[in-house]
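The values are calculated or read from the model by the stated rules, or taken from the named source; none is laboratory data. Source: prediction; values computed, not measured. We place every Cβ from the backbone using ideal geometry, glycine too, and count neighbours over all the protein chains shown. Note: accessible area is taken over every heavy atom of the protein model, side chains too, but ligands, DNA and RNA are not part of it. Shrake-Rupley method; radii C 1.70, N 1.55, O 1.52, S 1.80 Å.
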Amino acid sequence: MPPRKTPSTQVLLDVLDALPPGQRLWVHGAGHGLYPLLGRGDAVQVLRCGPGALGRGDVALMRQGRKLVAHVVVSTRPWLTASLLGGTDPPGGVTLGRVVAVRRGPWVIPLPRPFRPALWVARQAMAAAWARPESRLVYRGVRDFFFSGWSRPLRQRLVGPLEVRLLRADDLDALLVFAGERLVVSPGFLRRQLRERWGLDASSRRGAAAGAFDGQGRLQGFAWVDSYRQEALPLDGVWVRSLVVAPQARRMKVATRLLGCLVDEARSQGEARVYADIDDDNAASLRTFGGAGFRRAAPELTRRTNEAWDAAGRTKALVVLERDLEP
Ligand SMILES: CC(C)(COP(=O)(O)OP(=O)(O)OC[C@H]1O[C@@H](n2cnc3c(N)ncnc32)[C@H](O)[C@@H]1OP(=O)(O)O)[C@@H](O)C(=O)NCCC(=O)NCCS
């Protein structure tokens, strides 16, 4: 199939101008105003209407000069719009319609009108938080706000049921797609590990990788357990690594289930204990491991682990956790 050509903004503006009220259209290139709800390359679905049909907390698609922007309506009298994380827009601009859905990667997220108060409150909270200088902490707060309890029912419907299981050799494609989006591990390493260790039969498997698969066979979460020695790090035992859950699947116990699956496999491979090393400021991860039965390791092991990583060029402080595996 030939690559789809993205129409120029001018062509898009002409199409939108000609679109009768009440009609819908998917639009790419609506700016970065809805970040982090919307990322680069994502699209919005606009319902053609005038500003009179919009209320506080709706997302308006507007023409500002030669640019298209999707911004939140902060007030209607006076008419004020703003990006999710920034200040309000200068006056002017032509309202082209209301954004009724966003397409983020493979996900279509509807923005029904009952969602308006939540979006308005979220925007006010996030814009206030973003204005403060501790941007990294603030970013985590924003992300957690979007992917925490209040949005879980909606996300659960979008993600659907997940199957958590050990990865097999034929899961390579799904793994590489997930890794490309979310892991800093090289594809070559993952390919080799899956072929030579994790994806083998139960009798010859060494270490293991676990994944949470959705109905389309895509990974929504992933982690592996294996020895550090084979990566030349002077630490004994097996360690849980690369635990990552896609944002839309967070707070649904996916990580907990992945850890359970890896712990069971480590036990059946005869391990007496499983370890994990976690950035000391990663509260979400520390709580997740804590809930899965991991406890702080002895200070001596924590010191040696930090030294080993320092020598490998990593500077962040790590907390070491361990879980004993009863036979
Ligand atoms: C850390 C991470 C793997 C957790 O995945 P998850 O599937 O959302 O975790 P779970 O749903 O199994 O959470 C289990 C418990 O841990 C705690 N927890 C998890 N995420 C939390 C968060 N963001 N804030 C506070 N507590 C959190 C909660 O107690 C949660 O139980 P609850 O939802 O019933 O309150 C996920 O947030 C992630 O991928 N983060 C980015 C990558 C990362 O930091 N990985 C860890 C590297 S060591």
GNM flexibility winner over the chain from ALA223, ALA210, ALA312 (Cα, springs under 10 Å): ALA312
Environment charge at THR302 (Cβ cut-off 9 Å; Lys +1, Arg +1, Asp -1, Glu -1): +1
Simple label model, 7 Å out from Cα along Cβ direction - ARG273 to VAL177, nm: 4.0
Dipole magnitude (debye, nearest 20) for the range 184-253, charges at Cβ of Lys, Arg, Asp, Glu: 160
Degrees between helix 254-268 axis and first principal axis of the chain (Cα, 0 to 90, nearest 10): 20
Karplus 3J(HN,Hα) series, Hz, for the range 280-295 with 6.51 cos²θ - 1.76 cosθ + 1.60 (x for Gly, Pro): 5, 9, 8, 4, 4, 5, 4, 5, 4, 5, x, x, 9, x, 7, 10
Radius 14 Å from Cβ of GLY217, net charge of other residues (Lys, Arg +1; Asp, Glu -1): -2
The range 161-324, dipole about Cα centre (Lys/Arg Cβ +1, Asp/Glu Cβ -1), debye to the nearest 20: 220
Structure-based [θ]222 nm, the chain - -39500 (n - 2.57) summed over DSSP H runs of at least 4, per residue, nearest 500: -9500 deg cm²/dmol
Whole-Å distance, taken between Cα centres, linking the range 257-319 and the range 80-95: 45
Length added when fully stretched, VAL94-GLN216, from 0.36 nm per residue minus Cα-Cα: 39.9 nm
Positive-pole candidate from LEU176, TRP224, VAL245, dipole of the range 161-324, charges at beta carbon: VAL245
Within a Gaussian network of the chain (alpha carbon springs, distance under 10 Å), most fluctuating of ARG123, ARG296, ARG251: ARG296
Average accessible surface area per residue within the range 7-102, 1.4 Å rolling probe, Å²: 46
FRET E, pair ARG56, VAL11, Förster distance 35 Å, beta-carbon r, rounded to 0.05: 0.65
Proximal charge balance of ALA82 [Cβ under 14 Å; K/R count +1, D/E count -1]: 0
Estimated FRET transfer efficiency when R0 is 35 angstrom, pair ARG157-ALA317 (beta carbons, to 0.05): 0.35
Förster radius 35 Å - calculated FRET efficiency between SER186 and LEU19 (Cβ-Cβ, nearest 0.05): 0.15
Listed residue (LEU286, VAL74, HIS32) projecting farthest to the positive dipole end of the chain, Cβ model: VAL74
Top of LEU301, LEU176, LEU219 by mean-square fluctuation, Gaussian network on the chain, Cα under 10 Å: LEU301
